[in-house]
1. Measure of size requested: the Rg and Dmax of the stretch 49-168, with Cα atoms as the atom set and Å as the unit; please supply both.
2. Tell me the net charge near residue 178. Cut-off is 12 Å between Cβ atoms, residue 178 excluded, with +1 for each Lys or Arg and -1 for each Asp or Glu.
3. Could you list which residues have their amide H under 5 Å from that of residue 27, counting only those 5 or more apart in sequence or on another chain, with H placed in the peptide plane?
4. Based on Cα coordinates alone, diagonalise the gyration tensor for the chain, multiply each eigenvalue by 5, take square roots, and list the semi-axes in whole Å, largest first.
5. Can you work out ³J(HN,Hα) from phi for every residue in the stretch 51-56, in order, using Karplus 6.51 cos²θ - 1.76 cosθ + 1.60 and θ = phi - 60°, giving whole Hz and x for Gly and Pro?
6. Run through the stretch 6-108 and list the trypsin sites (Lys or Arg not before Pro) located in a DSSP loop whose Cβ has at most 13 other Cβ atoms within 10 Å.
7. Given the chain, what count of lysine pairs have C-alpha atoms under 21 Å apart, with each pair 8 or more places apart or on different chains?
8. What is the projected area of the convex hull of the Cα atoms of the stretch 134-204, averaged over all directions, in nm²?
Amino acid sequence: MLNLVLFGPPGAGKGTQSEKLIQQYKLVHLSTGDLLRSQIAAGTELGLRAKQLMDHGLLVPDEVVIGMIENKLEENQATTETASTDSPTVGGFIFDGFPRTVPQAEALDNLLKQHQTKIQVMIALVVDSEELTRRLLIRGQTSGRPDDQNENLIRRRVKEYNDKTAPVADYYNRQGKYVAIDGIGSIETIFQLICQKIDESEGR
């Protein structure tokens, strides 16, 4: 099973590459934002707890998010066990937007270990701040998102990303799993570079 963490600041092209990787390796996309919304919509115990916190403007604690990820892992495991041989099987998970802190990374490692699996590789798309700012300002012309239209806000978002995720990158680097990919170039060239690193991590 291939499990990977995809990192990238706003505007790095993470969404585009994520979609291609999901198709290439038959991965399940695990976005914490999507998980929260789906659990709340389903009215699960974890979803209701998260909603109560969010309604009061509070952050959802790590254990709630980890619980949602565990539910998704178990749901996939159950589906795989009951699937027929003709059904497409899931090749693994791509984690997007999580982990954002070292404690989250440690909690994720522990959870995956309980399911006899692990993170194989952490891919980080690296793009300099000036290029990110340029891309987001262009995106802001069509996205309608206010945070894509304010240059000062964009620079603050990029700095916050870099400051907060640097320790997580170090965490995976110590495990020999961190791979930096130049995020400037054609979509296909960057995709091929990512695939090459993933295949190397799996010994293909």
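1. Calculated on Cα positions, Rg and Dmax stand at 18.4, 53 Å.
2. +2
3. HN-HN under 5 Å from residue 27: 91.
4. 27, 23, 17
5. Rounded to whole hertz, the list is 4, 4, 5, 5, 5, 9.
6. Loop-located and lightly packed - 26.
7. Lysine pairs satisfying the spacing and distance rule in the chain number 19.
8. Mean projected area of the Cα convex hull: 6.1 nm².
Coordinate-derived values only; no laboratory data. Here the structure is a predicted model, which is why all the values come from computation and not from measurement. Cβ atoms come from the backbone with ideal geometry, glycine included; neighbour counts cover every protein chain shown.
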